[in-house]
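Contents: one structure, followed by commentary.
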2 protein chains.
Amino acid sequence: MNSKNVLVECIPNFSEGRRPRVIKALHDAIIEVKGLKLLDYSSDQDHNRCVFTFMGNPRAVKKAVLVAADIAIGKIDMEKHSGAHPRIGAIDVIPIVPICNISIEECVELAKDIGKSLANKYNLPIYLYEAAATRPERVNLADIRKGNYEGLKTEIHLPERYPDFGPAEMHPTAGATVVGARNPLIAFNVNLGTSDLAIAKQIARRVRNKNGGLRYVKAMGVMLQEKKIAQVSMNLTDFTRTPIYAVMEMIKMEARRYGVSVVGSEIIGLLPQQAILDTAAYYLQLPEIEPIQILENYMLE
Amino acid sequence: MNSKNVLVECIPNFSEGRRPRVIKALHDAIIEVKGLKLLDYSSDQDHNRCVFTFMGNPRAVKKAVLVAADIAIGKIDMEKHSGAHPRIGAIDVIPIVPICNISIEECVELAKDIGKSLANKYNLPIYLYEAAATRPERVNLADIRKGNYEGLKTEIHLPERYPDFGPAEMHPTAGATVVGARNPLIAFNVNLGTSDLAIAKQIARRVRNKNGGLRYVKAMGVMLQEKKIAQVSMNLTDFTRTPIYAVMEMIKMEARRYGVSVVGSEIIGLLPQQAILDTAAYYLQLPEIEPIQILENYMLE
């Protein structure tokens, strides 16, 4: 891997889940982009929504968003859209996630760059959220989408609902779009050697941010009914600041209070390589394992 | 990463370290091959030898070996070769190393395939070594190279020195070639919280295969003079069977006998990602971390 190898994940959500032709057009436009890998896509008729997950260098990601936006704006009319899922526009939300050799701050810049391009090209109101938010009340997506497309249309002229870029007026068909940057989520679950759910709940309380635990941990206790095993089920929202190994060790420490051991764990879905390098380095007492030490990384595109 | 992503490392050694033009011709031919990454190359005038380290799918690796062999056979004359390093031919030795989604057995097949191609195309005697060896006395490279080019030339007609492929007669200019497969080496060193070299030596004895320790560990005790720290310095010769974490934990266990702690470690050079996934999975008590869970792997060529 050369140092230029920068990877960003992007998960744009479009307000179209019923017309296969439009979904296919979005899909085909995205996979045409060079230096980009489509990891997943799905659509839902009830939500009337489709979601693409792709990854690549920032330039490729921006290009993919813009070509897909062009199709969405041409084909999706929010005036005719209905669906169970909250939404304010044809290109409803564009989260940008740092994966490799890029900081969350740089992803904020990329989100703003994409937002400006969309605003300028289509006269589209753009809201920045999460790490890119310009005010505290816009960090959460739900707050920006309050009232949905229909509600925002009547309130967008109010100062508190002014967009960050573009006009204070909804696009006649495409509505508005939310763009932002957030860290990758790691779904990490730890199984306890007990069927006592109360213990898992107590440990979850201790380890999570909300009750005084680790800053970037959301946790709850759940019961794995089949295995009769209590589990601490977690989302790690910034593994660079609250590493996986620290969560694991804290759970073991709290479990000792109950004479309970950790019997296993699971990582659900995908995660950046760095999270694993950090974990192995900690336990092997290495200062760090550098990505350039991993042979496979030299084959990255 | 799709399941087709197979990576092999290959480190061919050529008997040319003095003519930059020939070394450059080898280099240029190798980097032309698609699906291949040249990781390193070096040459030495005293040894009169150059070494290329490259990686790619088996087809690309075979192609790179063949195009480089064509140049080596055309330009290197063993009758005129002198150098400090043991050697029997222009393409002296071709080690093949499994990195990703390929077994050592499959690398043995690749080594045989390459060996047969070289034998057939150039009438070149080929010896198989390490995991590809056809008899115990040919496992070690040094045994095959006994007597060097000059000595083998007079003995190649003896049954015990018959090549595995090709004629029992040296190629008039290119001599003979050794091809084989071996596992990747991981250079792993563990620093102890003591300046007592004797303790590092005792632990090295306990942990290494030679004295009853772990099968795929070579170890010695060394002194880091500047830091005044004793170190167990190791080569792990098959991390899939003797994993890094097992070595680490065994060293900690032995160090406790002396009331000594592990103060750090180092991995020198490159290693396959799998070695790190295995380590992280052990300490996180995960059944395994699959390569398809690592986001970056989707960008592998």
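The values are calculated or read from the model by the stated rules, or taken from the named source; none is laboratory data. None of the values given here were measured: they were computed from a predicted structure. In this analysis, Cβ positions are derived from the backbone assuming ideal geometry, glycine residues included, and neighbour counts consider all displayed protein chains.
A few points about this structure:
- Restricting attention to the range B:251-261, the residues being within 23 Å of A:Glu288 (Cβ to Cβ), surrounded by fewer than 19 Cβ atoms within 10 Å (Cβ to Cβ) and either in contact with a helix residue (DSSP H, G or I) (Cβ under 7 Å, 6 or more places away or on another chain) or polar (S, T, N, Q) (or both) number 1.
- When the range B:20-34 is filtered for residues that are in contact with a helix residue (DSSP H, G or I) (Cβ under 8 Å, 6 or more places away or on another chain) and either within 16 Å of B:Ile73 (Cα to Cα) or surrounded by 16 or more Cβ atoms within 10 Å (Cβ to Cβ) (or both), the ones remaining, listed by number, are B:Val22, B:Ala25, B:Leu26, B:Ala29, B:Ile30, B:Val33.
- A:Gln293 being without any contact (Cβ under 8 Å) to a residue 12 or more places away in the chain, at negative phi and within 7 Å of chain B (Cβ to nearest Cβ): yes
- Selection count where residues are within 12 Å of chain A (Cβ to nearest Cβ) and among the small types (Gly, Ala, Ser), scope the range B:227-251: 1
- Residue tally, condition crowded, with 18+ Cβ neighbours inside 10 Å and either assigned to a strand (DSSP E or B) or among the acidic types (Asp, Glu) (or both), over the range B:54-90: 4
- Per the conditions (1) under 15 Å from B:Val93 (Cα atoms); (2) free of Cβ contacts under 8 Å to residues at least 40 places away in the same chain, the sole criterion not satisfied by B:Lys37 is (1).
- Selection within the range B:176-221 - of a type in the set (Val, Ile, Thr) and in contact with an Asp or Glu (Cβ under 6 Å, 6 or more places away or on another chain): B:Ile203
- Close pairs (8 angstrom Cβ cut-off, 6 or more residues apart or separate chains): not assigned by TED's automatic domain parsing to the domain that holds B:Asn101 in the range B:270-281, crowded, with 22+ Cβ neighbours inside 10 Å and of a type in the set (Phe, Trp, Tyr) anywhere: B:Leu271/B:Phe239; B:Pro272/B:Phe239; B:Gln274/B:Phe239; B:Ala275/B:Phe239; B:Asp278/B:Phe239
- Only listed residue being free of Cβ contacts under 8 Å to residues at least 40 places away in the same chain, outside any strand (DSSP E or B) and surrounded by 14 or more Cβ atoms within 10 Å (Cβ to Cβ), chosen from A:Lys227, A:Lys210, A:Lys201: A:Lys201
- The condition of being small (Gly, Ala, Ser) and touching a strand residue (DSSP E or B) at 6+ places or on another chain (Cβ under 8 Å) does not hold for B:Ala280.
- The residues of the range A:232-287 that are within 16 Å of A:Ala219 (Cβ to Cβ), of a type in the set (Val, Ile, Thr) and not in a loop (DSSP other than H, G, I, E, B), listed by number, are A:Val232, A:Ile244, A:Val247, A:Ile251, A:Val262, A:Ile267, A:Ile268.
- Once the range A:232-241 is narrowed to residues that are surrounded by fewer than 19 Cβ atoms within 10 Å (Cβ to Cβ) and hydroxyl-bearing (Ser, Thr, Tyr), the residue that is nearest to A:Asn189 (Cα to Cα) is A:Thr237.
- Residue in the range B:163-185 that is more than 25 Å from B:Pro272 (Cα to Cα) and either among the basic types (Lys, Arg) or in a helix (DSSP H, G or I) (or both) present: no
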